[in-house]
Each structure stands twice: as C-alpha cells, then as structure tokens.
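Nothing in this text is a laboratory measurement; each read-out follows from the coordinates by a stated rule. These numbers were taken from a predicted model, which means no experiment stands behind them. As a convention, Cβ positions derive from the backbone with ideal geometry for all residues, glycine included, and neighbour counts pool all protein chains shown.
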Amino acid sequence: MAEPIGIVTARDALSAATRRLGEAGIPSARLDAEVLLMHVLGIKREHLYAHPERRLDFSEYERYQAVLERRLTRLPVAYITGKKEFMSLEFIVDEHVLIPRPETEILVEEVTSRLKISPHKARPAIVADIGTGSGAIAVSIAWFLKTVKVIATDISADALTIARQNSEKHQVDHRVEFLQGDLVSPLAGRGLEHKLAAIVSNPPYLSRRAMAVVPPEVAKEPKSALFGGEQGLDFSFTILEDSRRYLTPGGFVALEAGYGQAKILAEFAKDVLGYDEVGIVLDLAGIERVVIAS
Ligand code: SAM
Ligand code: GLN
C-alpha cells in the first residue's frame with residue numbers, strides 16, 4: 001500500500017495544539033500537546049524531536065484532534081493516555097482511580113528504606129496498603145522489596161481491578177493480595193493480628209473546603225478518592241486507630257497527609273493512641289507530608 005499523503009507536520013500540529021490548549025487556559029499546554037501527540041503516534045519524545053517534519057496522516061490527525069477535544073474538557077492527560085509513571089514504573093490508570101502523585105513517592109521511599117533495615121529477616125515481612133487505588137504504593141513496594149508480601153485494600157471494586165492489572169504488569173501479583181472493604185477491616189479474621197511490619201496509606205484527605213477549590217482536572221478524579229470528611233482527617237484517624245492491633249512490636253503506620261494535617265495526626269497518634277515514636281517527613285516543597293508512627 002502506498003504511504004498516505006501526510007496533511008500536516010508534527011511540528012505544526014504541535015504548535016497549533018499548544019495554542020489551542022493554552023487559549024483554553026490549560027497551564028501545561030505545551031507539555032500536554034506533546035504527550036498527547038506521542039500517545040497518538042505511538043512514539044517517544046526523542047523520536048518526536050528528531051523528526052519534527054514527520055507528517056501525520058489523516059487518521060493520526062483526526063485522532064489527535066479527538067484527544068485534544070477530550071483534554072479541552074479538562075480531563076487529565078493520564079486518563080486520556082491510560083497511564084502514569086510512579087516510582088519510575090508505568091501504571092495503568094482510568095477514571096476509577098486517583099492518578100498517582102509525585103508526593104506519594106516520598107511515602108514509598110520512606111517505607112521501603114525503613115523496611116530494608118527493619119529486623120524482619122526471619123520471615124518475609126507483610127505490609128498492608130490501605131486504599132490502594134491504582135495499586136501504585138502496593139505494587140512499587142512489592143517491586144522494590146522482592147521478599148515482601150503486600151495486602152492491598154480498597155472500598156472500590158473498580159479500583160481493585162486496575163490495581164490487580166498493575167500487579168500483573170509488574171509481575172508482583174504472586175506477592176500482592178487484594179481485598180475489598182472499608183479501610184483496615186478486610187484484615188480481620190485472617191490471623192494477621194500483630195503480624196504486619198507496616199501499614200501504609202495515602203487515604204482521601206481533602207477537607208470540604210479544599211474540595212471546593214480543586215483544579216478542574218482533580219475534579220475529574222473520583223470524589224471517593226479525595227474527600228476525607230469535614231476536616232479531611234476522618235480516614236487518617238481511623239487508620240491510625242485500627243492499625244495498632246495488626247502491627248508487629250517494631251511495626252509502623254505511614255500515612256500521607258494533606259497540608260497542615262501532619263502535626264494534628266502526629267499528636268493524635270502519640271497523645272491519644274499511645275504510639276511510642278512519631279515522626280514527620282517533609283516533601284520536596286518543605287511541606288509536612290508523611291506521618292510515621294510506631
Ligand atoms: N493509594 C493510591 C495512591 O496513592 O495513588 C490511591 C490513593 S486515593 C487518595 C484513596 C483511595 O482510598 C481510593 O482508591 C479510594 O477508593 C479508597 N477509599 C476511599 N474510601 C475508602 C474506604 N472506606 N476503605 C478503603 N478504601 C477507601
Ligand atoms: N494530593 C491530592 C490532591 O491533589 C489529594 C490526594 C488525597 O486525598 N490523598 O489534591
């Protein structure tokens with residue numbers, strides 16, 4: 001078959017798309033236009049930059065316009081491409097799961113480095129990820145710590161379907177178990193009392209006020225993945241409280257926290273719940289982002 005006659009170069013398609021997204025008020029217009037073009041053409045950035053004169057055929061052009069239309073509705077790029085990178089691993093995402101965030105990498109790094117040095121050598125450590133969503137936390141922990149077993153829970157069956165796909169994609173499915181239910185309650189009745197080296201969670205933590213001002217892209221994510229009650233702390237408090245009976249003596253809970261929440265959670269853990277040691281880890285922007293209680 002003869003090559004179809006291209007109708008527009010990649011460079012021209014890209015600058016027109018950047019302009020269109022920019023005029024619609026999308027802050028990351030250029031980057032988004034590029035990522036979406038790479039997605040439609042099935043090429044990497046190097047290729048796009050090396051061959052800016054490459055012509056889009058009619059079907060590529062049409063598909064590019066179609067994804068731009070979706071982006072103009074403020075649908076996040078990751079929902080359009082169906083993927084997002086987290087901890088240098090590619091995760092499948094759809095509209096049933098939160099798009100994994102860079103700040104959550106701090107939580108995973110903190111947890112994996114603590115588990116590496118913890119005295120659980122005799123038996124493989126068991127870790128729970130509560131509210132696993134895409135499985136970003138559970139799968140990356142299992143990926144980076146090759147002997148650890150992870151139990152991942154979520155209230156959403158649709159989220160668990162995606163999480164399971166991600167565990168298979170990264171070939172850790174034999175070490176990650178998925179349970180549907182409310183927070184830590186799916187752990188009950190499984191003989192896990194005082195058996196877990198760590199309980200990790202990035203729970204929904206936005207307050208009602210924060211929910212009212214989220215960017216339009218975040219508003220496209222599941223509300224059930226974001227809203228943490230009036231002050232945003234409902235899930236975090238419950239996880240801290242209910243985790244105690246599942247932790248080994250040296251075990252710990254690690255929670256991602258929203259802006260201004262870490263100190264409140266740390267005090268609650270220490271003063272009300274009687275955790276021995278409580279620490280706070282800052283993110284790259286200097287915000288208190290992770291609370292660790294052991
Ligand atoms: N762990 C993923 C991450 O960090 O990218 C997703 C975190 S998202 C902020 C919170 C997750 O908690 C969502 O997947 C949501 O479905 C789940 N969730 C909400 N309420 C829950 C509940 N009562 N019990 C268990 N999971 C819940
Ligand atoms: N960090 C998310 C945001 O952008 C909130 C995630 C959560 O509630 N855990 O708004």
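Data for the structure
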item	result
Lys pairs under 19 Å by Cα in the chain, provided they are eight or more residues apart or on distinct chains	16
Expected 222 nm ellipticity per residue - DSSP helices of 4 or more, -39500 (n - 2.57), all of the chain, to 500	-11000 deg cm²/dmol
For the chain, size of Cβ-based charge dipole, Lys and Arg +1, Asp and Glu -1, in debye	380
Relative contact order (%) - the chain, alpha-carbon pairs under 8 angstrom, separation at least six	13
Most mobile listed residue (Lys116, Lys83, Lys220) in the chain, GNM with C-alpha springs under 10 Å	Lys116
Label-point gap, in nm, between Glu241 and Asp12 - each point 7 angstrom along Cα→Cβ	6.4
Value of Rg/Rh across the chain [Cα atoms, Kirkwood radius]	1.04
Approximate spin-label separation Glu90-Arg45, in nm, with each point projected 7 Å along Cα-to-Cβ	1.5
Local electrostatic count, Glu90, Cβ distance below 9 Å [Lys/Arg +1, Asp/Glu -1]	+2
Positive-end residue, the stretch 58-169 charge dipole about Cα centroid, Cβ charges, pick of Ile141, Ile117, Ala163	Ile117
Full-extension gain in nm, Glu69 to Glu103, via 0.36 nm per residue minus C-alpha separation	9.3 nm
Cα-based radius of gyration of the stretch 74-152 once divided by 2.2 N^0.38 Å, which approximates compact folds	1.18
Counting DSSP beta bridges with both ends in the stretch 73-197, the antiparallel % (nearest 5)	25
Part-to-part distance (alpha-carbon centres) for the stretch 273-294 and the stretch 198-225, which is given in Å	20
Nearest-ten-degree value, helix 58-72 long axis tilted from longest Cα axis of the chain	50
Label point 7 Å beyond Cα of Asp182 along Cβ direction - residues of the stretch 236-265 with amide nitrogen under 20 Å	236-246
